[in-house]
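Asks: Below you'll find the structure I mean.
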Amino acid sequence: MMSKGNLTNLPPELLDHIVEYLPTANAVANLGATSKSLGHAVDTDGWTTFNRTRFPSLHPANTPDQSHTARTLTTLSKAWDRRGFVTTYIEPRDNVTVYPGGKKIDKWKRPKGQTIGFTPQLDVYEEVGQSWQEREEVLAFSAGAEVCVRRKRRRGSEENIAWTTYRPLSAYEGRDDVTTLHLLRPKAQQDSEVQRLVSGTANGDLWILSIPEDDSEDVPTSYLVTNGQPVRSSSLLHRPMADQDLLVANMGDSRVSLYPIDPSVGKIAPSDSLDIRPPQTDGGHIKNQQRVWSSEFLSPNRIATGIGPSSEPLHIYEILPTGFSKEPVRKFSLQNDLFEPSDEDTVAPAGKKRSSSIYPIAPLPPYNAAGGSVDGNVFLSGAYDGAVRLHDMRSRRDVEMIYSDLTDESAVYSLLPRGQETLVVGGSRHSLLKFFDLRLGSKCYDYSDAAAPSSSGELIRGTAFGPANGHFADRAVNDWNLFLRPSNVSSGPGARGNWASRRSLESSVYSLASPSSSSPFLYAGVENAVLELGFTGVLDPNPDPAFFNQRTSQSKRDEETLSLAMYEQDSQMKLCTQRSVGETLMAKQQGTEVAHIHGLDERWRVGSGDDGRTWARSEHGT
């Protein structure tokens, strides 16, 4: 007779294989709680396997604690699926250090003198300390000719925020507006004493600024040679293992230049440049007016350049030891087939392809965040026609996938892929942010599978709300649009009375940034304002302690939280709005039942406050 097996007797590779099939963090924790040996196995390899299996493109490659990372990833997944987030305007406040000079001010003044508000450029990164709850986030955004930097340090439940700003003494709004902005990550211990960034302007300045953290009055500056051409856009390649990062910058209408980033050098010339000009006729005349809109590093050895209008608006160049390849190694059009002769198309006659312009370009993160290599083969592009396209250098086709919203075809101004799970797209009008689900209906992790809450409170509690006081929604639709204009404009730029501020309600979404794929924070730059979206539920009794404190009562900060509106990208386009944080908390404290949408965060309701009954669209929920 064969004896019964015991989990504790299994070799590590078989235990690892078992963990791959456990659907929730609670299941992994319960496995580890059965014995000391299994607990050790789970702590050693189990949580790593869970994070790698359930969040392949989101989990960080390095983390001091895999179990706490699992909590962050599962909590964040729940917030994204339930569309639970808290939105606020952010700007320098409370003891701001102003450079040059190092003067301290309490109230920051917005740029003035322009008929339209500033168009923010954004960058952000985070660094994790010796524990998962010990972290530092650095955010930078431009406001006209000024650069604002926020350094947020978090140690457990304590959070410290420090603001610094920099504005050249001779700068004028409009003429010297910042057009491109990048934060440099520290490469050595001494780098932690300053925050370095790269800033380009409409007046042709491109420099490396070293903003100090101490009481220094000066900001050391390195200048990148542009020959006075306006800086249109740029891309920074972070190379942690190299001495220098690389910058590719677009200047004027056609110039693309490559720079090594060395803050120790006062003046830096481009290591190579190329000019991308429109084709000419036999007589030497230019066929059409086109310009270079953007360039993006796809890998350390490859860049993609967006031009237009053109029938082939994507050019790929290799970066060789001698500089750029003389000719593009490949050109992409925005469709795979030519138009048939029977097509009546005034934009593209038969036998030709449509012309358009490419604005943002973003490499698609590898499926395996820890082991995948960024080879630059797969990337996304956003076009004037409102579509986002997926391209693959290994394929003969020009386009592998198209992500488009039939309800809005405005141009794409910004792109932010969140691993290979969600694509965030900023449109050119209506302050519209679009969310596309890249999983094609296949989820590695589903919060609704989570078991009942444990008494320890250490892990994610994921229990879907039933329809007792809610209303079913057809949750097969996972693509949705969010208006970044608040319905409660009692605070923030939209309520301050000036005309330029009110324009931000109908703005483009110029820029998007997030510290990492495992961070709950998303930043969006609209006209004259920057918004922070923190993905968490206001009624979550156990928010992720790595980023949020437990809510004990309503605070003044809640009054600054915006209530936004969204709709799903389907034929019905039901408009939903968020209740205020105060209204949501009060209903919870008083035990009042309020109508909400099954499967979504409790703040969401149909319309601006009806009973939600018009949302019932199917006979089943999630």
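The values are calculated or read from the model by the stated rules, or taken from the named source; none is laboratory data. None of the values given here were measured: they were computed from a predicted structure. All Cβ positions, even for glycine, are placed from backbone atoms using ideal geometry, and neighbour counts span all protein chains on display.
Asks: Is it the case that some residue within the stretch 494-509 is modelled with pLDDT of 85 or more and surrounded by fewer than 20 Cβ atoms within 10 Å (Cβ to Cβ)? Before the answer, list the steps.
Replies: Of the residues in the stretch 494-509, the ones modelled with pLDDT of 85 or more are 507-509.
From what is left, the residues that are surrounded by fewer than 20 Cβ atoms within 10 Å (Cβ to Cβ) are none.
No.
Asks: Taking only the stretch 521-534 into account, find how many residues are surrounded by 24 or more Cβ atoms within 10 Å (Cβ to Cβ) and either part of a loop (DSSP other than H, G, I, E, B) or out of contact with any Phe, Trp or Tyr (no Cβ under 9 Å at 6 or more places or on another chain) (or both).
Replies: 1
Asks: Which one is farthest from R175 (Cα to Cα), of the residues in the stretch 211-228 that are surrounded by 17 or more Cβ atoms within 10 Å (Cβ to Cβ) and modelled with pLDDT of 95 or more?
Replies: S222
Asks: May I ask you to verify whether E137 is in contact (Cβ under 8 Å) with a residue 60 or more places away in the chain and outside any loop (DSSP other than H, G, I, E, B)?
Replies: Here the answer is yes, as E137 does meet what is asked.
Asks: Further question on the same structure: Of all residues in the stretch 140-175, count the ones that are part of a strand (DSSP E or B) and within 28 Å of S518 (Cα to Cα).
Replies: Initially, the stretch 140-175 is screened for residues part of a strand (DSSP E or B), giving 140-143, 146-155, 158-166.
From what is left, the residues that are within 28 Å of S518 (Cα to Cα) are 140-143, 147-155, 158-165.
Number of matching residues: 21.
Asks: Which of the residues that make up the stretch 291-307 are over 21 Å from L181 (Cβ atoms) and surrounded by 24 or more Cβ atoms within 10 Å (Cβ to Cβ)?
Replies: I307
Asks: Which number in (1) more than 36 Å from the chain's Cα centre (by Cα); (2) exposed (fewer than 12 other Cβ atoms within 10 Å of the Cβ) marks the one condition that T8 misses?
Replies: (2)
Asks: Among the residues that make up the stretch 207-228, is at least one of them free of Cβ contacts under 8 Å to residues at least 12 places away in the same chain and either in contact with a helix residue (DSSP H, G or I) (Cβ under 9 Å, 6 or more places away or on another chain) or assigned to a loop (DSSP other than H, G, I, E, B) (or both)?
Replies: We begin by selecting, within the stretch 207-228, every residue free of Cβ contacts under 8 Å to residues at least 12 places away in the same chain; these are none.
No, that holds for no residue.
Asks: Can you tell me which residue in the stretch 247-266 is nearest to L237 (Cα to Cα), limited to those that are touching a Ser or Thr at 6+ places or on another chain (Cβ under 7 Å) and either loosely packed, with under 13 Cβ neighbours inside 10 Å or in contact (Cβ under 8 Å) with a residue 60 or more places away in the chain (or both)?
Replies: Of everything passing the filter in the stretch 247-266, L247 is nearest to L237 (Cα to Cα).
Asks: Separate question: Tell me which residues, restricted to the stretch 90-104, are among the β-branched types (V, I, T) and in a strand (DSSP E or B).
Replies: Applying the first criterion (among the β-branched types (V, I, T)) to the stretch 90-104 yields 90, 96-98.
The answer is V96, T97, V98.
Asks: If I filter the stretch 176-189 for residues that are more than 19 Å from the chain's Cα centre (by Cα), farther than 22 Å from S517 by Cα and surrounded by fewer than 16 Cβ atoms within 10 Å (Cβ to Cβ), do I get at least one hit? It would help to see each step written out before you state the result.
Replies: Taking the stretch 176-189 and keeping what is more than 19 Å from the chain's Cα centre (by Cα), we get 176-178, 186-189.
Then drop every residue that is not farther than 22 Å from S517 by Cα, which leaves 176-178, 188-189.
Next, only the ones that are surrounded by fewer than 16 Cβ atoms within 10 Å (Cβ to Cβ) stay: 188-189.
There is at least one residue in the stretch 176-189 that is more than 19 Å from the chain's Cα centre (by Cα), farther than 22 Å from S517 by Cα and surrounded by fewer than 16 Cβ atoms within 10 Å (Cβ to Cβ).
Asks: Output the residues belonging to the stretch 21-54 that are surrounded by 12 or more Cβ atoms within 10 Å (Cβ to Cβ) and among the charged types (D, E, K, R). Full working, then the answer.
Replies: Taking the stretch 21-54 as the starting set, the residues that turn out to be surrounded by 12 or more Cβ atoms within 10 Å (Cβ to Cβ) are 22-35, 37-54.
Result: D43, D45, R52, R54.
Asks: Looking at the stretch 411-428, which of its residues are assigned to a loop (DSSP other than H, G, I, E, B) and at pLDDT 95 or above?
Replies: To start, the set of residues in the stretch 411-428 that are assigned to a loop (DSSP other than H, G, I, E, B) comprises 411, 419-421, 428.
Within the stretch 411-428, A411, S428 meet the criteria.
Asks: Let me ask something else about it. Of (1) of a type in the set (A, V, I, L, M); (2) under 19 Å from P212 (Cα atoms); (3) more than 21 Å from the chain's Cα centre (by Cα), L139 satisfies all except one. Which?
Replies: Result: L139 passes all but (3).
Asks: Go through the stretch 1-58 and give me each residue that's more than 22 Å from L76 (Cβ to Cβ) and of a type in the set (K, R).
Replies: Within the stretch 1-58, K4, K36 qualify.
Asks: Further, regarding this structure: Of the residues S170, S157, only one is over 30 Å from H68 (Cβ atoms), modelled with pLDDT under 95 and surrounded by fewer than 20 Cβ atoms within 10 Å (Cβ to Cβ); which?
Replies: Of the residues listed, the single one that is over 30 Å from H68 (Cβ atoms), modelled with pLDDT under 95 and surrounded by fewer than 20 Cβ atoms within 10 Å (Cβ to Cβ) is S170.
Asks: Follow-up question, since we're still on this one. Just checking, how many residues over the stretch 554-593 are outside any strand (DSSP E or B), over 14 Å from G84 (Cβ atoms) and hydroxyl-bearing (S, T, Y)?
Replies: 4
Rundown of residues vs (1) within 21 Å of S271 (Cβ to Cβ); (2) at pLDDT below 95; (3) β-branched (V, I, T), yes/no style:
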{"position": "S294", "(1), (2), (3)": "yes, no, no"}
{"position": "R302", "(1), (2), (3)": "yes, no, no"}
{"position": "I319", "(1), (2), (3)": "yes, no, yes"}
{"position": "F324", "(1), (2), (3)": "yes, no, no"}
{"position": "R330", "(1), (2), (3)": "no, no, no"}
{"position": "Q335", "(1), (2), (3)": "no, yes, no"}
{"position": "F339", "(1), (2), (3)": "no, yes, no"}
{"position": "A350", "(1), (2), (3)": "no, yes, no"}
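Asks: Quick one: which of V424, V412 is buried (at least 18 other Cβ atoms within 10 Å of the Cβ), in contact with a Lys or Arg (Cβ under 8 Å, 6 or more places away or on another chain), under 17 Å from Y359 (Cα atoms) and hydrophobic (A, V, I, L, M, F, W, C)? Steps first, please.
Replies: Details: V412 fails: in contact with a Lys or Arg (Cβ under 8 Å, 6 or more places away or on another chain).
On inspection, the qualifying residue turns out to be V424.
Asks: OK, next. Only residues in the stretch 376-404 that are over 25 Å from G427 (Cβ atoms) and touching a residue at least 12 places away in the same chain (Cβ under 8 Å) count as the first member; pair them with residues that are of a type in the set (A, V, I, L, M) and in a loop (DSSP other than H, G, I, E, B), Cβ under 8 angstrom, at least 6 apart or cross-chain, and list the lot.
Replies: G376/M393; N377/M393
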